[in-house]
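The values are calculated or read from the model by the stated rules, or taken from the named source; none is laboratory data. As the structure is a prediction and not an experimental result, all values here were calculated from the model. Note: ideal-geometry Cβ built from the backbone for every residue, glycine included; neighbour counts use all protein chains shown.
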Amino acid sequence: MTPPSPADARAAAVELRGIAKRFPGTLANDAVDLTVRRGEIHALMGENGAGKSTLMSVLYGMVRPDAGSVRVDGREVAFADPGDALAAGLGMVHQSFKLFDSLTVAENVVYAAEPRRFGLVDRGAARRRVRELAEEHGLAVDPDARVGDLPVGLRQRVEILKLLHRGARTLILDEPTAVLTPTEADALFAVLKSLAAQGRSVILVTHKLREVLEGSDRVTVLRDGRVVAGLVTAETSAAEIAAAMTGRAVELDRVHAPGTPGDVILDVTDLATDGVRDVRLTVRAGEIVGIAGVAGNGQSELVEALAGLRPVSAGRVALLGDDITHASATERRAKGLAYVPEDRHAVGTATAASVADNLAMGHHRTSLSSRGLLAPAAVRGHARRLIERFGIKAASPEVSASSLSGGNLQKLLIGRELAHDASLLLVEQPTRGVDIGAVRNIHDQLIAYRDAGHAVLLVSAELSEIRGLADRVLVMYEGRVTASYEKAAADERTLGLAMAGGGAGSPAAPSPVEVGD
Amino acid sequence: MNHITRTVRSPVAFSVLAGVVIGALFLVGTGADPVAAYGAVLGGSLGADGIGATLTTLTSVLGLALALAVPLRAGLINLGGDGQLVLGGMAAAVTGLYCPLPAPLTVVLALLAGMAAGAGYAALAALCENRFGVPLLVSSLLLSYPAASFASWLARYPLKEPGSSLPQTRQLPDGVALPRFGSSTVTVGLLLVVLAAAAYWFTDRRTAFGYEMRMTGLSSRFAAYAGVERGGLALRLMAVSGALAGLVGAIGVLSFPYRFLDGSLTASGYTWTGLTAALLAGAAPVGTVLASFFFAVLQVGGLSMERTTEVPRELTQVLQAIVIVFLAARLRFPRSPGLTRLFRGRDTEQTPQTPQSPQSPESPQGELA
């Protein structure tokens, strides 16, 4: 799919030269050069905090650089806001979509640039326009559908149509596949390739190596605010990109040896809650059970119900043989449950509080206090121990948790929960948005926890993570557990099909194994 | 040095300073001498003639500021301070009038009755939220009005002093009063309120309950995730809050004029001054004490300024308002990129986005003065 003519021959669509941007305490961009040519898909990669978002914010007029120049189509520009950028033919699809759920597709697409007739919005013209655009670019979507009713994959199409309607010649996509099934992701890349073939440019901000290798023409890698590699995709490898991102050789996609399961720790029978039905599963001591599934198929609801944060409408949950179906979160924790939630900023930590206070949560009524008194010295000592044990990089226990990087915040959260030494650990998306280096550390911690004889229920959208860690894999689709695989049988293709609903329409779909213990 | 820089740059110090500067501009604009006016405020409130009045005012303002700070620390706002205050005062008056025990015991009982009345009534507001889903903000505010009306009715009809033209109860019997310091109007009530502040500080910093309260205020979702039950916490904090408001009411009745006079407890608007002080301090214990003192000085000093200079005391209210506006604006600064750049040196850490998420306990409002 790589364009046969060398991309170098083409004119630059976007040219960033010597971009520098300093934020308090960090140099987010340091003399960054980036050239995106017409008709290419250019991947921008880097770990969290490498400066990708800052660079894209500079390009999109949301942040003013301290130094450097931006050229679009050969002309030097200085955008004051995203509106200017859009007018110059630059459009961005944000990770969280900016759409009106209650309006139709056509209304969303033409918003702020409506076709008019006698001063009024011409709805007929709007619908026609959407149909034309959709047809031209292979982005089939019903112009009259309400956006709120559409699946995420289609909403993303609406975002792209919106930019095309506004005449965007360069599209920036921020982590576009984070919420898509593998099939939807493939469809997205087909669209992007056809856009590139028409001479449009695409900047893909992502951390997924596989997509970059399959879908991009060139790759620019940022580390610590600097460009550390400019690679032609056809001539590079996942290992080379990963090494550039981390600054060292990284072993990717390690598959850990299976554990030795013991007694049943968690036993869930016919559980139902909002968006979850008929879930039966067991997790044994010394075992990691992985739940794979596209975001929004009931995994979060299931875990919240297990953690005691969401009422159970039917079924039974037993922990260590005791019925905890209607127990409170506190009672479950006392019984032996620890929980690493998906949203570490809003739920798993209080970022405005100090590192020490964050590490004390849950331990504050048990090991750290006596008769209700909580000695500040005990809290600090506990924090120091965990900081050391889990390699959390924090200036001191007193600094606010908001000063930690994403990876360190996650280490804090996981460390705090592991320190409970609970029989059952619920973990959601343990490495989402975490540096590759920290991923390895976190995976090792989870495996060590399992090997120490604890039960772990892991929910992750990263198939490689599930495959690497889990001893058994369950797939959730539309609120039910639809398939179960032993470690050896859980290859990426099989799981991908099951995640998309059993691979409907595909003759190669595996018949789901009956979920058993 | 670093500590001092941080204090000077703290948003609280900045807001107070901005209020003083803008107030001075107002004064100059109206042709008054700002130095003389501010001098009158300080001299009138902290000088030998004024300090008694300031400490008496501080008793009420600090008591109510604590009452509002306690729930605010967990992100809850009790808007029913007036109702709890009045019920506390009425309960103390009734106890003082009808308790057959010796006077000193009656005083203690009257204080306890005032606290119990305020606590029970505030807890009712929390129950409305926990049981029926009425937001605390609404339930506490709306419950305040019938309480005030009920006390007013008692003072006007069943408990009215015979022969008086005022809506007031009889005077409490001799000896049923809080001891005073010398000949001043300052009573033991100030000590009680300061003790309450100390207890609040201790709970906040040194207990598991205080920890849960702070974490709930910083992130209610985080606290809920870790098993802190909001309903129970709200009920307990509101009871404490109401008890403190009721205590202030009881202190008011057990001081001059030693009776319940309809409207007198709420006329000065101390509940709102208290709320302002608690917000200014982000509900932090030491900060709440300092902010209360600041407002007591303004309140008393403003009167004195009006007497000695031509400047109306409303200026001190303008000052108060400016401080609050600046403080409220500070909470929004980080959202605007331009202003973020401007304030970059000042707020390197993420500042809390709402008044319900008070500053981290280490923040330097402790060094405000």
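So, residue B:216, is that one within 14 Å of chain A (Cβ to nearest Cβ) and in contact (Cβ under 8 Å) with a residue 40 or more places away in the chain or not?
On the way: within 14 Å of chain A (Cβ to nearest Cβ): yes; in contact (Cβ under 8 Å) with a residue 40 or more places away in the chain: yes.
Criteria met by residue B:216.
Considering the conditions (1) in contact with a Ser or Thr (Cβ under 6 Å, 6 or more places away or on another chain); (2) in a strand (DSSP E or B); (3) within 14 Å of another protein chain (Cβ to nearest Cβ), residue A:305 is excluded by exactly one of them, (2).
Out of all the residues in the range B:265-273, is one or more on the phi > 0 side of the Ramachandran plot and within 13 Å of chain A (Cβ to nearest Cβ)? No; the residues of the range B:265-273 include none that is on the phi > 0 side of the Ramachandran plot and within 13 Å of chain A (Cβ to nearest Cβ). In the range B:253-279, what residues are touching a Leu at 6+ places or on another chain (Cβ under 6 Å) and in a helix (DSSP H, G or I)? Answer for the range B:253-279, where residues must be touching a Leu at 6+ places or on another chain (Cβ under 6 Å) and in a helix (DSSP H, G or I): B:265, B:270, B:271, B:274, B:275, B:278.
In the range A:308-328, the residue that is nearest to residue A:423 (Cα to Cα) out of those that are more than 29 Å from the chain's Cα centre (by Cα), more than 14 Å from every other protein chain (Cβ to nearest Cβ) and part of a loop (DSSP other than H, G, I, E, B) is A:320.
Show me the helices (runs of 4 or more DSSP H) found entirely inside the range B:1-102 where at least 1 residues are touching a strand residue (DSSP E or B) at 6+ places or on another chain (Cβ under 6 Å) and at pLDDT 95 or above.
Once the helices (runs of 4 or more DSSP H) in the range B:1-102 are filtered for at least 1 residues that are touching a strand residue (DSSP E or B) at 6+ places or on another chain (Cβ under 6 Å) and at pLDDT 95 or above, what remains is B:81-98.
What about residue A:484, is it of a type in the set (Gly, Ala, Ser), closer than 17 Å to residue A:182 by Cβ and surrounded by fewer than 23 Cβ atoms within 10 Å (Cβ to Cβ)? When the stated conditions are applied, residue A:484 does not pass them.
Quick check: is even one residue across the range B:191-211 assigned to a strand (DSSP E or B) and more than 14 Å from chain A (Cβ to nearest Cβ)?
Of the residues in the range B:191-211, the ones assigned to a strand (DSSP E or B) are B:207.
Adding the requirement that they be more than 14 Å from chain A (Cβ to nearest Cβ) leaves none.
Scanning the range B:191-211 turns up no residue that is assigned to a strand (DSSP E or B) and more than 14 Å from chain A (Cβ to nearest Cβ).
Residue pairs whose Cβ atoms lie under 8 Å apart, separated by 6 or more positions or on different chains, with the first residue in the range A:102-115 and touching a residue at least 40 places away in the same chain (Cβ under 8 Å) and the second hydroxyl-bearing (Ser, Thr, Tyr) and surrounded by 17 or more Cβ atoms within 10 Å (Cβ to Cβ), are A:103/A:111. Taken across the range A:349-358, residues that are in contact (Cβ under 8 Å) with a residue 24 or more places away in the chain, out of contact with any Lys or Arg (no Cβ under 6 Å at 6 or more places or on another chain) and surrounded by fewer than 21 Cβ atoms within 10 Å (Cβ to Cβ) do occur, with at least one present.
The criterion of being closer than 17 Å to residue B:185 by Cβ, touching a residue at least 24 places away in the same chain (Cβ under 8 Å) and either under 20 Å from the mean Cα position of the chain (by Cα) or within 14 Å of another protein chain (Cβ to nearest Cβ) (or both) does not hold for residue B:241.
Would you pick out the residues in the range A:479-503 that are in a helix (DSSP H, G or I) and of a type in the set (Ser, Thr, Tyr)?
Filtering the range A:479-503 for residues in a helix (DSSP H, G or I) gives A:487-489, A:492-499.
Within the range A:479-503, A:494 is the sole residue that qualifies.
Annotation note: Cβ proximity below 7 Å between a residue of the range A:51-65 that is within 12 Å of chain B (Cβ to nearest Cβ) and a residue that is among the hydroxyl-bearing types (Ser, Thr, Tyr) (sequence gap 6+ or interchain) occurs for A:63/A:54; A:63/A:57. Restricting attention to the range A:329-383, the residues being more than 9 Å from every other protein chain (Cβ to nearest Cβ) and of a type in the set (A, V, I, L, M) number 9.
Just one of B:277, B:296, B:291, B:245 is touching a Gly at 6+ places or on another chain (Cβ under 7 Å), surrounded by 21 or more Cβ atoms within 10 Å (Cβ to Cβ) and not hydroxyl-bearing (Ser, Thr, Tyr); which is it? Reasoning before the result, please.
On the way: B:277 fails: touching a Gly at 6+ places or on another chain (Cβ under 7 Å); B:296 fails: touching a Gly at 6+ places or on another chain (Cβ under 7 Å); B:291 fails: touching a Gly at 6+ places or on another chain (Cβ under 7 Å).
So the residue among B:277, B:296, B:291, B:245 that is touching a Gly at 6+ places or on another chain (Cβ under 7 Å), surrounded by 21 or more Cβ atoms within 10 Å (Cβ to Cβ) and not hydroxyl-bearing (Ser, Thr, Tyr) is B:245.
Candidates in the range A:359-380 are the residues that are under 14 Å from residue B:210 (Cα atoms) and in a helix (DSSP H, G or I); of these, the one that is farthest from the chain's Cα centre (by Cα) is A:376.
For (1) closer than 23 Å to residue B:98 by Cβ; (2) surrounded by fewer than 21 Cβ atoms within 10 Å (Cβ to Cβ); (3) of a type in the set (Asp, Glu), each residue gets a yes or a no:
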site: B:127; (1), (2), (3): no, yes, no
site: B:144; (1), (2), (3): no, no, no
site: B:150; (1), (2), (3): yes, yes, no
site: B:153; (1), (2), (3): yes, yes, no
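Might you check whether a residue that is surrounded by fewer than 16 Cβ atoms within 10 Å (Cβ to Cβ), in a helix (DSSP H, G or I), of a type outside the set (Phe, Trp, Tyr) and touching a residue at least 40 places away in the same chain (Cβ under 8 Å) occurs anywhere in the range B:166-188? Scanning the range B:166-188 turns up no residue that is surrounded by fewer than 16 Cβ atoms within 10 Å (Cβ to Cβ), in a helix (DSSP H, G or I), of a type outside the set (Phe, Trp, Tyr) and touching a residue at least 40 places away in the same chain (Cβ under 8 Å). When the range A:329-346 is filtered for residues that are in a helix (DSSP H, G or I), in contact with a strand residue (DSSP E or B) (Cβ under 8 Å, 6 or more places away or on another chain) and among the small types (Gly, Ala, Ser), only A:336 remains. For the range A:485-500, the set of residues classified as within 21 Å of residue A:287 (Cα to Cα) and modelled with pLDDT of 80 or more consists of A:485, A:486, A:487, A:488, A:489, A:490, A:491, A:495, listed by residue number. Of all residues in the range B:200-230, those being surrounded by fewer than 19 Cβ atoms within 10 Å (Cβ to Cβ), out of contact with any strand residue (DSSP E or B) (no Cβ under 9 Å at 6 or more places or on another chain) and over 27 Å from residue B:113 (Cβ atoms) number 4. Looking at residue A:367, is it polar (S, T, N, Q), surrounded by fewer than 16 Cβ atoms within 10 Å (Cβ to Cβ) and either modelled with pLDDT of 95 or more or outside the structural domain of residue A:461 (by TED's automatic domain parsing) (or both)? For residue A:367, the condition - polar (S, T, N, Q), surrounded by fewer than 16 Cβ atoms within 10 Å (Cβ to Cβ) and either modelled with pLDDT of 95 or more or outside the structural domain of residue A:461 (by TED's automatic domain parsing) (or both) - is met.
Go through the range B:39-53 and give me each residue that's of a type outside the set (Val, Ile, Thr) and either surrounded by fewer than 20 Cβ atoms within 10 Å (Cβ to Cβ) or under 25 Å from residue B:256 (Cα atoms) (or both). Lay out the reasoning, then the answer.
Of all residues in the range B:39-53, those of a type outside the set (Val, Ile, Thr) come to B:39-40, B:42-50, B:52-53.
Within the range B:39-53, B:39, B:42, B:43, B:44, B:45, B:46, B:47, B:48, B:49, B:50, B:52, B:53 qualify.
Has the range A:128-136 got any residue that is buried (at least 17 other Cβ atoms within 10 Å of the Cβ) and touching a Pro at 6+ places or on another chain (Cβ under 6 Å)? Yes, the range A:128-136 contains at least one residue that is buried (at least 17 other Cβ atoms within 10 Å of the Cβ) and touching a Pro at 6+ places or on another chain (Cβ under 6 Å). Of all residues in the range A:130-152, one or more are over 27 Å from residue A:207 (Cβ atoms), without any contact (Cβ under 8 Å) to a residue 40 or more places away in the chain, β-branched (Val, Ile, Thr) and in a helix (DSSP H, G or I).
When residue A:425 is tested against (1) within 14 Å of another protein chain (Cβ to nearest Cβ); (2) buried (at least 23 other Cβ atoms within 10 Å of the Cβ); (3) hydrophobic (A, V, I, L, M, F, W, C), exactly one condition is not met: (1).
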